[in-house]
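Every number in this text was worked out from the coordinates using simple rules, so none of it is lab data. Since the model is a prediction, treat every value here as computed from it, not as a measurement. All Cβ positions, even for glycine, are placed from backbone atoms using ideal geometry, and neighbour counts span all protein chains on display.
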Amino acid sequence: MDKNNFLSIGEVAKITGASIFSLRYYEKIKILKPAVIDPDSGYRYYSFEQIFHIQIIMICVELDIPLKELQQFADEEGVIDHLSLLAYGKKIAEGKLQNIHRGIRFIDSMKQKITLAEKYQHEQKIYTRDIPEKLFYVLPYEKPFDNTNPLEVVKAFVGFEYSDSDYAGELVEFGLMCIYLPSKVERFAFVELEKRNDTADIKVIPNGSYFCTQNESISIEQTPQIFTDQLKGNASFLAIETAFIASKYEVGKPISELRVIGLP
């Protein structure tokens with residue numbers, strides 16, 4: 001064996017950035033077979049071409065692809081199907097990139113909503129907010145919302161899955177909604193959708209100027225009493241109770257915002 005035609009494991013480690021321990025582990029799980037093993041010393045030697053294979057493995061590591069999954073692309077002789085491996089790696093990378101973009105959209109949405117809400121933070125009186133039209137996926141509630149645990153609202157939506165057509169990674173709202181009519185009150189738990197889902201029970205929440213108040217202990221059931229003056233002349237109105245997204249959040253003291261708007 002002419003060692004000048006091969007790279008030692010130490011040289012490969014320096015060239016690729018992979019540790020010697022990692023290179024030995026790749027061999028152990030049969031995804032990187034040394035080109036030559038010296039029968040006398042047991043030293044491992046690698047060909048120049050294997051550097052590219054090691055780089056592929058390292059990219060898979062960065063993508064959090066379990067290395068044992070790579071075994072499916074190698075035969076008993078250690079021959080690697082690089083084309084299939086690259087296609088698999090690309091699929092994983094695209095999925096992670098999609099999740100990253102969704103996360104960035106969520107962060108941008110949260111920053112935007114916090115910035116918008118800052119002007120209303122710590123308001124001690126009733127104020128008005130212009131709120132755009134929203135789409136809510138709703139679940140009917142038969143009983144009053146007095147002393148409703150917020151966790152009950154969250155649990156109500158366990159099993160409901162967003163798809164990319166429903167949810168664009170934005171910061172959505174969830175909470176309680178009441179439609180006050182002259183003869184009855186319709187109650188719902190809701191979660192906001194970014195896009196219409198024809199398979200869900202959707203309600204379109206009107207845009208407009210909402211009367212709002214915020215507190216730690218407000219209840220949507222108190223809407224008629226809280227907004228007595230503001231609701232004069234409205235036989236029907238919509239009330240929404242949701243979390244107030246503040247720039248500074250005190251654990252254990254969540255703030256809710258109660259919104260109300262008259263209905264035609």
Taking springs between alpha-carbon atoms closer than 10 angstrom, which of K119, K30, K14 fluctuates most in the Gaussian network model of the chain? K14
Given a cut-off of 27 Å, name the pairs among K14/K68; K125/K248; K33/K91; K113/K184 whose C-alpha atoms lie farther apart than that in the structure shown. K113/K184
Describe numerically, in nm with one decimal, the distance between label points set 7 Å from Cα along Cα→Cβ at N5 and at K90. 3.4 nm
Which of A93, A243, A18 moves most in a GNM of the chain, Cα contacts under 10 Å? A18
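How do S41, S47, S22 rank when sorted from fewest to most other Cβ atoms within 10 Å of their own Cβ?
On the way: S41 7, S47 14, S22 18.
Fewest-to-most Cβ neighbours within 10 Å comes out as S41, S47, S22.
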Quick check for me: using +1 on Lys/Arg Cβ and -1 on Asp/Glu Cβ, what's the dipole size of the chain about its Cα centre, in debye to the nearest 20? 540 debye
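Give me Rg over Rh for the chain, both radii from the alpha carbons and Rh done the Kirkwood way, two decimal places.
Working: Rg = 29.5 Å, Rh = 23.3 Å.
Rounded to two decimals, Rg over Rh is 1.26.
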